[in-house]
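One structure is given here, and the rest of the page talks about it.
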Amino acid sequence: MKEHPDQDAFNQVVWSIVQQVPIGQVTTYGQIASMIPAPDHPDLSPGDYRRLAAFWVGKAMTRAKQEDQLPWQRVVGKGGKIAMPTRSWGAAEQRRRLINEGVVFSADETIDLERFGWEGPPADWLATEGLLQPTPLIDKPDDRPQQLSLL
């Protein structure tokens, strides 16, 4: 399955989520995908959805119209890297826009997701929109003390 069963509706949800990302913060294709429930479709297993959803988010982003004023620059690839080809106009424009918003790139052209990563929209907005809690952009260590095993 190369397309989402209802790509137009999926695109609208993606764009609605992207509109929530604040200036100076970024999200990833995968984090956006994690907020959108899998459709009930006979040809789409939950595993297939998890595998394809971030790709579909990318497709939605390429289909956005400029007049929508979508803050597309705030969506980056896994690990905080711009997903477009390095020397492309789009990558340069995305980098320029993010720098103008205060986002800093490291020497290897990645964005520190701990510093600039978005935690997602408020829970009440997610509930109203019928969306899920996003997966975290970074794995934070568990602060709870660990009990030592006696065995």
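The values are calculated or read from the model by the stated rules, or taken from the named source; none is laboratory data. Worth saying up front: this structure is predicted, and the values here are computed from it rather than measured. Cβ atoms come from the backbone with ideal geometry, glycine included; neighbour counts cover every protein chain shown.
Within segment 25-50, how many residues are part of a loop (DSSP other than H, G, I, E, B), within 16 Å of the chain's Cα centre (by Cα) and over 19 Å from Ala83 (Cβ atoms)?
2
On the given criteria, is Gln147 more than 13 Å from the chain's Cα centre (by Cα), at positive phi and at pLDDT below 95?
Judged against the criteria, Gln147 is not a match.
Quick one: count up the residues across segment 61-104 that are of a type in the set (D, E, K, R) and within 19 Å of Gly30 (Cβ to Cβ).
Going through segment 61-104 one residue at a time, the tally reaches 4.
Going by the conditions given, is Ala64 more than 22 Å from Phe105 (Cβ to Cβ) and part of a helix (DSSP H, G or I)?
It is false that Ala64 is more than 22 Å from Phe105 (Cβ to Cβ) and part of a helix (DSSP H, G or I).
Go through segment 10-21 and give me each residue that's outside any helix (DSSP H, G or I) and either of a type in the set (A, V, I, L, M) or over 13 Å from the mean Cα position of the chain (by Cα) (or both).
Residue satisfying the conditions is Val21 alone.
May I ask you to list the residues in segment 1-25 that are among the β-branched types (Val, Ile, Thr) and loosely packed, with under 14 Cβ neighbours inside 10 Å? Let's see the steps before the verdict.
In the first step, residues of segment 1-25 are kept if they are among the β-branched types (Val, Ile, Thr); the result is 13-14, 17-18, 21, 23.
Residue satisfying the conditions is Ile23 alone.
Name the residue, out of Leu137, Leu126, that is modelled with pLDDT under 95 and within 25 Å of Gln12 (Cα to Cα).
Leu137
When segment 4-36 is examined, which residues are found to be modelled with pLDDT under 95 and either under 27 Å from Arg115 (Cα atoms) or acidic (Asp, Glu) (or both)?
Asp6, Asp8
Residue by residue through segment 43-60, note down the ones that are exposed (fewer than 15 other Cβ atoms within 10 Å of the Cβ) and free of Cβ contacts under 8 Å to residues at least 40 places away in the same chain.
Ser45, Pro46, Gly47, Arg50, Arg51, Phe55
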